[in-house]
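Asks: Please find one structure pasted underneath; my questions will follow.
The values are calculated or read from the model by the stated rules, or taken from the named source; none is laboratory data. On a predicted model such as this, the values are computed, not experimentally measured, just so you know. As a convention, Cβ positions derive from the backbone with ideal geometry for all residues, glycine included, and neighbour counts pool all protein chains shown. The accessibility values were calculated without ligands, DNA or RNA, using every heavy atom of the protein model including side chains. Shrake-Rupley method; radii C 1.70, N 1.55, O 1.52, S 1.80 Å.
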Amino acid sequence: MTQNNPLLNAFEMPPFSKLKTEHFKPAIKEAIEKAKREINEITQQNNPTFENTIAALDHAGYDLERISQILFNLNSAETNEDIQQITQEVSPWLSDFQNDIMTNAELFEAVKQVYEQKDSFNLNPEQQTLLDKHYKSFVRNGANLNKDKQAKLREIDNKLSTLSLQFGQHVLAETNAYQLHVEHKSELKGLPENVLESAADLAKNQDKKGYIFTLQYPSYVPFMKYCENRKLRKILALAFGKRGFQNNDNNNEEIVKSIVKLRYERAQLLGFKSHAEYILEERMAKSPKNVNDFLDDLFSKAKPAAQKEFDELSQFAQEIDQIDQLQKWDIAFYAEKLKQQKFNLDDELLKPYFPLNQVIDGVFLIAHKLYGLSFKEVENIDKYHKDVKTYKVHDEHQNFKAIFYADFHPRAGKRDGAWMTLYKNQFKTKAKNERPQVSIVCNFSKPTKTQPSLLTFNEVTTLFHEFGHALHGMLGNTQYRSLSGPSVYWDFVELPSQLLENWCYEKEALDLFAKHYKSGEPIPAKYVEQIKAAANFNEGMQTLRQLSFGLLDMAWHTTNPKEIESVKDFEKAAFEPTRLVDDVKENCMSTAFSHIFQGGYSAGYYSYKWAEVLDADAFEAFKNKGIFDTETAKAFKTHILEKGGTEEPMILYKRFRGQEPNPEALLKRAGLLKP
Ligand SMILES: [Zn+2]
């Protein structure tokens, strides 16, 4: 069995062509057993040291990691019913295994011994970080608590996972339960043809006449943006805002209150003041005070700009439609109209300048100019689909750096969106610097018989974004694999990706690749100016909106739950400073705020803005000396990209920049401060 299973024979590259779906389960089972033996060996040591305990723990389960990476990556990029089924079956095995490690008292004892004698081991900063990381992962999971408190903690964790699941199921049920049925096209002026088409298809599937709109984003968002019928916009917006807040079985008010109460209790049990304090211990931002100061500072700068934009929008709506008072259901609609009037920047106008192959060559060239990398397409690497491209990456001294997979076009088995992932992480052994295998997966439109694949500007920035993550992976140069590349705190992980997007707005960079696919003519300067201006359109209002979510999230996770009675009143008070339109009393955002009550963004919503501040400030360093300045690029590479999570992000950042990030660069770029 083992001999015939390519996953159980040592492999350097994922052996896609030899893989059968039935190989995964036995391979994962056996890899888990192997990992258990490795953990066992650690606990058998009489004299725990950094090497035999912490470094060994970091390396334990390496085979399991590589096999699971293949399975989970395939499940996202090239899945089918069998793969989905296997993924569902093995996921509990993996979480049980993780749980066994985290509750292994002998193992924690060994880790703790090393931690308590850490000064005697003469550790370098990366080793200290690794030790801290492993020690804390136990402690944050209750390893230092007595048995009673540990039991209490498990009970809280179990309740929380049930409640988050319920929260999500309720939002989903509410989203799916609602439909807006419109019989006549005459009521739907303004909606683009493709939106109408999907709505007509939906109606047809239910044997109904006319059009059906739903609360799912692909239906809801364009409806609010384009539908001229204000009454219908109001109906749909109110339905959207009622999710989880109606008098029915899907009401989430009590669940919200229970979740924040349990999170608070758990934080207290572990010795933290609040859930936010617990979460932020492992973030670049570090403390609730830092996050709130950060949000307040941006708020004070964005509020005047937002008010001005809102007044302009109000006047515009008054002029064209005699709207006296903009409401919640008007903002997206008039903002879109005003944007079109001001910029008239059509996707179709820009697409001919961005054929996919030129954009790829462009991003490779930029990586070459900045970091000395070169990309050579190779055919002899096993792929999971014929459309995948494979490259070998070398540095300027012809040292091999990474394997790069690029998978650009949509397929039935691929999920939506774009992402970067790894098939192998970088790390060092005594003998060798093991190089990573990095992949980006996107959903760009395919070439046709008459046209190459032409990207929208949004797709161009997406490609640069994912490629920025990929550089973080490719250039990793750390000792331990759990600290390499993008394995960093999550309010730091978007710096390399968002930073690279900045080159898409620079004429000097665009001239390298943005040429008309027929005439070869470079993109006109006036288009570039328009792209920049359009990107900043309504930036004040957008910022205020993001800040309002960040402030609400922080309010939920820093307040003593005893002080919270009504979900709606609590939310209304938190929104008050950032509110531009009237509150709608039958609507509530918190009861459908899945980011923080279902997913993992609790006390983390601020990270979106945080990352923008970082990338704008970092790009300013480039702009000051030229966007291809090799000294600046070298500093970014050595202090950030190569270092992964080996030290505190603020320390790394200051080494690159010479100072802490300053929000002014973002405010300037966004046009919220006069340059
Ligand atoms: Zn990203």
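Asks: Here's a check for you: in the range 487-517, which residue that is within 25 Å of residue 410 (Cα to Cα) and open to solvent by 30 Å² or more (accessible area, probe 1.4 Å) is farthest from the ligand (Cβ to nearest atom)?
Replies: 516
Asks: For residue 418, indicate whether it is among the aliphatic types (A, V, I, L, M) and open to solvent by 30 Å² or more (accessible area, probe 1.4 Å).
Replies: yes
Every residue, every condition in (1) touching a strand residue (DSSP E or B) at 6+ places or on another chain (Cβ under 6 Å); (2) within 18 Å of residue 363 (Cα to Cα), yes or no:
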{"position": "469", "(1), (2)": "yes, yes"}
{"position": "476", "(1), (2)": "no, no"}
{"position": "482", "(1), (2)": "no, no"}
{"position": "491", "(1), (2)": "no, no"}
{"position": "496", "(1), (2)": "no, yes"}
{"position": "503", "(1), (2)": "no, yes"}
{"position": "511", "(1), (2)": "yes, yes"}
{"position": "517", "(1), (2)": "yes, yes"}
{"position": "525", "(1), (2)": "no, no"}
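Asks: In this structure, does residue 360 turn out to be assigned to a helix (DSSP H, G or I), in contact with a helix residue (DSSP H, G or I) (Cβ under 6 Å, 6 or more places away or on another chain) and open to solvent by less than 60 Å² (accessible area, probe 1.4 Å)?
Replies: no
Asks: Would you be able to say whether some residue in the range 561-584 is of a type in the set (A, V, I, L, M, F, W, C), touching a Gly at 6+ places or on another chain (Cβ under 7 Å) and either surrounded by fewer than 21 Cβ atoms within 10 Å (Cβ to Cβ) or closer than 24 Å to residue 298 by Cβ (or both)? Talk me through it step by step, then tell me what you get.
Replies: Step one: filter the range 561-584 for residues of a type in the set (A, V, I, L, M, F, W, C), giving 564, 567, 570, 573-575, 580-581, 584.
Right, trim to touching a Gly at 6+ places or on another chain (Cβ under 7 Å) and you get 584.
If we keep only those that are either surrounded by fewer than 21 Cβ atoms within 10 Å (Cβ to Cβ) or closer than 24 Å to residue 298 by Cβ (or both) too, we end up with 584.
Scanning the range 561-584 turns up at least one residue that is of a type in the set (A, V, I, L, M, F, W, C), touching a Gly at 6+ places or on another chain (Cβ under 7 Å) and either surrounded by fewer than 21 Cβ atoms within 10 Å (Cβ to Cβ) or closer than 24 Å to residue 298 by Cβ (or both).
Asks: Continuing with this model, one more query. Mind listing just one residue for me: the one in the range 471-486 that is of a type in the set (A, V, I, L, M) and part of a helix (DSSP H, G or I) and, of those, nearest to the ligand (Cβ to nearest atom)?
Replies: The qualifying residue nearest to the ligand (Cβ to nearest atom) is 471.
Asks: Further question on the same structure: Which residue is nearest to residue 542 (Cα to Cα), if the candidates are limited to the range 267-321 and must be free of Cβ contacts under 8 Å to residues at least 24 places away in the same chain, open to solvent by less than 40 Å² (accessible area, probe 1.4 Å) and polar (S, T, N, Q)?
Replies: Among residues in the range 267-321 that are free of Cβ contacts under 8 Å to residues at least 24 places away in the same chain, open to solvent by less than 40 Å² (accessible area, probe 1.4 Å) and polar (S, T, N, Q), the one nearest to residue 542 (Cα to Cα) is 314.
Asks: Count, please, the residues in the range 600-629 that happen to be open to solvent by less than 40 Å² (accessible area, probe 1.4 Å) and either within 30 Å of residue 131 (Cβ to Cβ) or part of a helix (DSSP H, G or I) (or both).
Replies: Result for the range 600-629: 17.
Asks: Those residues that are of a type outside the set (A, V, I, L, M) and surrounded by 12 or more Cβ atoms within 10 Å (Cβ to Cβ), I need them from the range 184-196; list them, please.
Replies: Of all residues in the range 184-196, those of a type outside the set (A, V, I, L, M) come to 184-187, 189-190, 192-194.
Result: 185, 187, 190.
Asks: Another question, if that's okay. Determine if the range 15-22 includes at least one residue that is open to solvent by less than 40 Å² (accessible area, probe 1.4 Å), assigned to a helix (DSSP H, G or I) and either aromatic (Phe, Trp, Tyr) or over 26 Å from residue 92 (Cβ atoms) (or both).
Replies: So far as the range 15-22 goes, yes, one or more of its residues are open to solvent by less than 40 Å² (accessible area, probe 1.4 Å), assigned to a helix (DSSP H, G or I) and either aromatic (Phe, Trp, Tyr) or over 26 Å from residue 92 (Cβ atoms) (or both).
Asks: Out of the residues in the range 95-121 meeting the condition of being hydroxyl-bearing (Ser, Thr, Tyr) and surrounded by fewer than 19 Cβ atoms within 10 Å (Cβ to Cβ), tell me which one is farthest from residue 36 (Cα to Cα).
Replies: Within the range 95-121, the first condition is being hydroxyl-bearing (Ser, Thr, Tyr), and the residues that meet it are 95, 103, 115, 120.
When the remaining residues are screened for being surrounded by fewer than 19 Cβ atoms within 10 Å (Cβ to Cβ), the result is 95, 103, 120.
Details: 95: 13, 103: 13, 120: 29 Å.
Looking at residues that are hydroxyl-bearing (Ser, Thr, Tyr) and surrounded by fewer than 19 Cβ atoms within 10 Å (Cβ to Cβ), I get 120.
Asks: For residue 534, are the conditions met, namely being open to solvent by less than 60 Å² (accessible area, probe 1.4 Å), modelled with pLDDT under 95 and of a type in the set (A, V, I, L, M)?
Replies: yes
Asks: What's the number of the only condition in (1) small (Gly, Ala, Ser); (2) assigned to a loop (DSSP other than H, G, I, E, B); (3) under 14 Å from the mean Cα position of the chain (by Cα) that residue 468 fails to meet?
Replies: Answer for residue 468: the failing condition is (2).
Asks: Scan the range 395-415 and give yes if some residue there is surrounded by fewer than 17 Cβ atoms within 10 Å (Cβ to Cβ), within 16 Å of the ligand (Cβ to nearest atom) and touching a residue at least 12 places away in the same chain (Cβ under 8 Å), otherwise no.
Replies: Looking for residues that are surrounded by fewer than 17 Cβ atoms within 10 Å (Cβ to Cβ), within 16 Å of the ligand (Cβ to nearest atom) and touching a residue at least 12 places away in the same chain (Cβ under 8 Å), one finds at least one in the range 395-415, hence yes.
Asks: With respect to residue 549, is the statement that it is touching a residue at least 24 places away in the same chain (Cβ under 8 Å), open to solvent by 10 Å² or more (accessible area, probe 1.4 Å) and either within 16 Å of the ligand (Cβ to nearest atom) or not in a loop (DSSP other than H, G, I, E, B) (or both) true?
Replies: yes
Asks: What number of residues within the range 207-225 satisfy the criterion of being among the β-branched types (Val, Ile, Thr), touching a helix residue (DSSP H, G or I) at 6+ places or on another chain (Cβ under 7 Å) and farther than 17 Å from residue 177 by Cβ?
Replies: Total meeting the criteria: 0.
Asks: Before we move on, is residue 567 touching a residue at least 60 places away in the same chain (Cβ under 8 Å) and over 27 Å from residue 162 (Cβ atoms)? Steps first, answer last, please.
Replies: On the way: touching a residue at least 60 places away in the same chain (Cβ under 8 Å): yes; over 27 Å from residue 162 (Cβ atoms): no.
Considered against the rule, which asks whether it is touching a residue at least 60 places away in the same chain (Cβ under 8 Å) and over 27 Å from residue 162 (Cβ atoms), residue 567 comes out as no.
Asks: Can we say residue 463 is within 20 Å of the chain's Cα centre (by Cα), open to solvent by less than 10 Å² (accessible area, probe 1.4 Å) and within 15 Å of the ligand (Cβ to nearest atom)?
Replies: yes
For (1) under 27 Å from residue 543 (Cβ atoms); (2) surrounded by 14 or more Cβ atoms within 10 Å (Cβ to Cβ), each residue gets a yes or a no:
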residue	(1), (2)
631	no, no
635	no, yes
638	no, yes
641	no, yes
646	no, yes
656	yes, yes
659	yes, no
663	yes, yes
